[in-house]
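Here, each number is a calculation from the coordinates, and none is a lab measurement. If you're wondering where the values come from, they're calculated on a predicted model, not measured in any experiment. Counting neighbours? That spans all protein chains shown, and the Cβs are built from the backbone with ideal geometry, glycine included.
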Number of protein chains: 4
Amino acid sequence: MKVIVDLCIVPLGVGVSLSGYIAACERVLQESGLTCRLHAYGTNIEGEWDEVMAAVRNCHQALHDMDVPRIHTTIKLGTRTDRNQTLDDKVRSVEEKL
Amino acid sequence: MKVIVDLCIVPLGVGVSLSGYIAACERVLQESGLTCRLHAYGTNIEGEWDEVMAAVRNCHQALHDMDVPRIHTTIKLGTRTDRNQTLDDKVRSVEEKL
Amino acid sequence: MKVIVDLCIVPLGVGVSLSGYIAACERVLQESGLTCRLHAYGTNIEGEWDEVMAAVRNCHQALHDMDVPRIHTTIKLGTRTDRNQTLDDKVRSVEEKL
Amino acid sequence: MKVIVDLCIVPLGVGVSLSGYIAACERVLQESGLTCRLHAYGTNIEGEWDEVMAAVRNCHQALHDMDVPRIHTTIKLGTRTDRNQTLDDKVRSVEEKL
């Protein structure tokens, strides 16, 4: 099952400067080989369900390994059987109608 | 890794009456044996990461098997290494301070 | 415009024990007079759009007044014109089909 | 109060092709004069709380005026008192650490 995800990981108990932790997650995602796009409030990811979810879990594990005691994550997630759609397709289909 | 999740699954392309589809997901979650609590805008789940994520995937599969062509899901997800906390603990710790 | 909301407020930069802050938000919501239901990963609220959004803003203001430097909030939000539906209606319509 | 938002609006009861509705929301956001960035799973917005929330409400109103009977929206929302941060600052602070 193919999935498109918007992932937002928020480490808790490590103060208010979170970009170093977000960068650590970005490296985990890049190493996964999945297509990813960082934006100002999360990261879009496309790929097979199990691979994407394994990457999300690896992000949590990497942060806990950096001594982050608590993590709050928000995931938006879309699957569809009617057609195959990439991250770029989704943006393009909106921009064409503007 | 233990996880606490808030799951909200929205089937698309099947009109505006969604409760039959949400009930189908509830049955999938109940069969998973995980601790679940339905509320008015989703379902809280606690359990091991892989079991919870497998249950979420099974919900998507069950809806696509019911001919739902597209699904939009939102997940809030918490992990922590500092202590073990159940769904009931979380509610109780807030209510004690009201 | 009537709205049904699931609100999850996460204060950052104040350690890992958040229940005191969540309780402060619950008091703000109770004072608003809106119908609210606390669950393990947020609070369901129903009411008029402007009143609900004012209450959410008041929660942020109350936390910043308690010296919380940064807040990350997730809101799920539903509006519909086809019929009037309460929080309790939503749970009941699923439970009837289980 | 300044706010940074990630907005994802999902119209229900209008089939599976949603890009025309998302484009309508983008036009509402552009007319608001707020800084916005479309991505593959939502739109980032920065601005004053009341202006951003008014724009979100205007999106819902615009869709209902297009005969969308039901709307499901997800909002991530951040406020902070420790410093002023733009959408571009947030991306840059992560990319600098990659």
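Look at the axis of the rotation that sends chain D onto chain A, then give the chain D residue with the nearest Cβ and the distance in whole Å.
Measuring from each Cβ to the axis, the minimum is at D:H39, 2.
Measuring nothing but label to label, 7 Å from Cα along Cα→Cβ, what are B:E96's distances to the other copies in nm, shortest first?
4.0, 4.1, 5.7
If you scale each eigenvalue of the Cα gyration tensor by 5 and take the root, what three semi-axes come out for the protein assembly as shown, rounded to whole angstrom and sorted largest first? Intermediate values should be presented prior to the final figure.
Values: eigenvalues 139, 117, 117 Å².
Over the Cα atoms of the protein assembly as shown, the semi-axes work out to 26, 24, 24 Å.
Order these peptides, D:58-69, C:2-13, by their mean beta-carbon neighbour count within 10 angstrom, highest first. List each step's numbers first, then the result.
Details: D:58-69: 17.2, C:2-13: 22.5.
Result, highest mean first: C:2-13, D:58-69.
Within a Cβ distance under 12 Å of B:W49, other residues only, what is the Lys/Arg minus Asp/Glu net charge?
On the way: positive: A:R57, B:K2; negative: B:E46, B:E48, B:D50, B:E51.
Charge balance near B:W49 sits at -2.
Taking neighbour counts of Cβ atoms within 10 Å as a proxy for exposure, in what order, fewest first, do D:T86, B:T81, D:T73 appear? Before the final figure, lay out each step's value.
Numbers: D:T86 13, B:T81 17, D:T73 22.
Starting with the residue having the fewest Cβ neighbours, the order is D:T86, B:T81, D:T73.
Put a point 7 Å out from Cα along the line to Cβ at A:D65; what are the distances to that point in the other copies, in nm, shortest first?
List, nearest first: 3.6, 4.5, 5.3 nm.
Quick one: net charge around A:E26, please, counting Lys, Arg +1 and Asp, Glu -1 for every other residue with C-beta under 11 Å from its C-beta. Please report the intermediate quantities before stating the final value.
Working: positive: A:R27, A:R37, D:K97; negative: A:E31, D:E95.
Residues near A:E26 contribute +1 overall.
Other chains near C:17-28: what is the mean number of their Cβ atoms within 10 Å of each residue's Cβ?
On the way: counts 6, 7, 10, 4, 2, 7, 6, 3, 1, 4, 2, 0.
Counting Cβ atoms of other protein chains within 10 Å of each residue's Cβ and averaging gives 4.
Can you pull the mean other chain C-beta count within 10 Å for peptide D:5-11?
Values: counts 4, 9, 2, 5, 1, 8, 1.
Partner-chain Cβ atoms within 10 Å, mean over residues of D:5-11: 4.
Any idea what the D:D50 label distances to the other copies are, label 7 Å down the Cα→Cβ vector, nm, shortest first?
1.1, 5.4, 5.4
Could you compute the net charge surrounding D:H39? Neighbours are other residues with a C-beta less than 10 Å from the C-beta of D:H39; K and R count +1, D and E count -1. Before the final figure, lay out each step's value.
Numbers: positive: A:R37, A:K90, D:R37; negative: A:D6, D:D6.
Charge balance in the 10 Å sphere: +1.
Cut-off is 10 Å between beta-carbons; in what order do B:V16, A:V91 appear when sorted fewest neighbours first?
Working: B:V16 14, A:V91 18.
If I rank by nearby Cβ atoms, fewest first, I get B:V16, A:V91.
For each of C:M1, D:M53, count neighbouring Cβ atoms within 10 Å of the residue's Cβ, then give the residues from fewest to most.
Working: C:M1 13, D:M53 21.
If I rank by nearby Cβ atoms, fewest first, I get C:M1, D:M53.
Per DSSP H run of at least 4 residues, take -39500 (n - 2.57); add these up for chain A, divide by its residues and hand me the 222 nm value, nearest 500 deg cm²/dmol.
Details: 3 runs with 40 residues, N = 98.
Mean residue ellipticity, 222 nm, calculated: -13000 deg cm²/dmol.
Counting only residues 5 or more places away or on other chains, whose amide H sits under 5 Å from the amide H of D:H72 once H atoms are built in the peptide plane?
HN-HN under 5 Å from D:H72: D:V10, D:L12.
Please report, to two decimal places, log10 I(q)/I(0) for region C:22-98 at q = 0.27 Å⁻¹ as given by the Debye formula with identical point scatterers on the Cα atoms and no solvent.
Relative scattering, expressed as log10 I(q)/I(0), comes to -1.46.
Need one value for B:50-57: mean number of C-beta atoms belonging to other chains within 10 Å of its residues' C-beta atoms.
On the way: counts 3, 0, 0, 6, 2, 0, 4, 6.
Per residue, the average neighbour count from other chains is 3.
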